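Reading through the structure tokens given below for one structure.
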Amino acid sequence: ENARVQRQAQMALKLQLRNHLKALPKPKNEYKTVAPELPEDEGKEGSDEDLDMEEVEARAAKAKAAQEALELARRTAVIRKGLPRPSKVDTKMLLSETAE
């Protein structure tokens, strides 16, 4: 009998909750999306369509040179200066020196 009273109380609680949820206002799904207006590129020399193939290749070479300069700047000073690197490295000697 105690279990029946608990079930009835739980059912009444569910019913009360359901009625309260039904009384809530309906959601308003009104969204406005705003995209910024992009300026038109009239008469601008930046497009590749109006360029000669020679100019396009010159731009590509310039971009490649800039990329190589960035990669070289990231390298060590020894590599940047073009100093020779050893062909053989004695790792045992290096390890013994660092262990001391």
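Overview of results
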read-out: Helix-only CD estimate at 222 nm, as mean residue ellipticity for the chain, using -39500 (n - 2.57) per DSSP H run (n ≥ 4); value: -18500 deg cm²/dmol
read-out: Fraction of accessible area attributable to carbon and sulfur, the chain (%, probe 1.4 Å); value: 55
read-out: Average accessible area per residue (Å²) across the chain - probe 1.4 Å, nucleic acids and ligands excluded; value: 108
read-out: Dimensionless Rg over Rh [the chain; C-alpha; Kirkwood]; value: 1.55
read-out: With Cα atoms, 0 to 90° folded angle of helix 53-74 axis to the chain main axis; value: 90
read-out: Fully extended contour minus Cα-Cα distance, from LYS14 to LEU95, at 0.36 nm per residue; value: 21.7 nm
read-out: Computed accessible area, GLU71, all protein chains, 1.4 angstrom probe, square angstrom; value: 90
read-out: Degrees, to the nearest 10: 2-22 long Cα axis against longest axis of the chain; value: 70
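The values are calculated or read from the model by the stated rules, or taken from the named source; none is laboratory data. Note that this is a predicted model, so its numbers are computed, not measured. We work out accessible area using only protein heavy atoms, side chains counted, and drop any ligands, DNA or RNA first. Shrake-Rupley method; radii C 1.70, N 1.55, O 1.52, S 1.80 Å.
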